[in-house]
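Visitor: Before we start, here is the structure in question, set down as structure tokens.
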Amino acid sequence: MAEQAEERSGEQMVTIERFRDMLQAEMAKGRLDSAGIRCFLAGENAGLLYGNGLDGVLLQVSAAEEDDARAILNDPGTTDDDVTAVE
């Protein structure tokens, strides 16, 4: 995937993922938000208005946090076997 960089309020933003599904985009953004990584969904409103026929929703983070954001999104998390039920 080609990376795109933009300038937002003096900070260089890098596109790390492109989504056709708004739910998947929001879930990825939520993972980064919960890890304290500031992120932005570009094209979010256009996707809501025009559906998935456009270029998709772009998940962008600051260039300084790109490596951490990619590591979080690439981490599959724990499996059900790793989770212990609380009784």
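Visitor: Residue separation times 0.36 nm, minus the C-alpha to C-alpha distance between GLU11 and GLU87: what's the value?
Guide: Difference between extended and current length: 22.7 nm.
Visitor: Let me ask something additional. With label points built 7 Å along Cα→Cβ from the Cα atoms of ASP68 and GLN24, find their separation and express it in nm.
Guide: With each label point 7 Å from Cα toward Cβ, the separation is 2.6 nm.
Visitor: Between THR78 and PHE40, what FRET efficiency comes out of the Förster formula 1/(1 + (r/R0)^6) with R0 = 35 Å and r the beta carbon distance, rounded to 0.05?
Guide: Calculated value: 0.80.
Each reported figure results from applying straightforward, stated rules to the coordinates on display, with no laboratory input. Note that the coordinates shown come from a computational prediction; the quantities given were computed from them, not determined experimentally. Backbone-built Cβ (ideal geometry, glycine too); neighbour counts: all protein chains shown.
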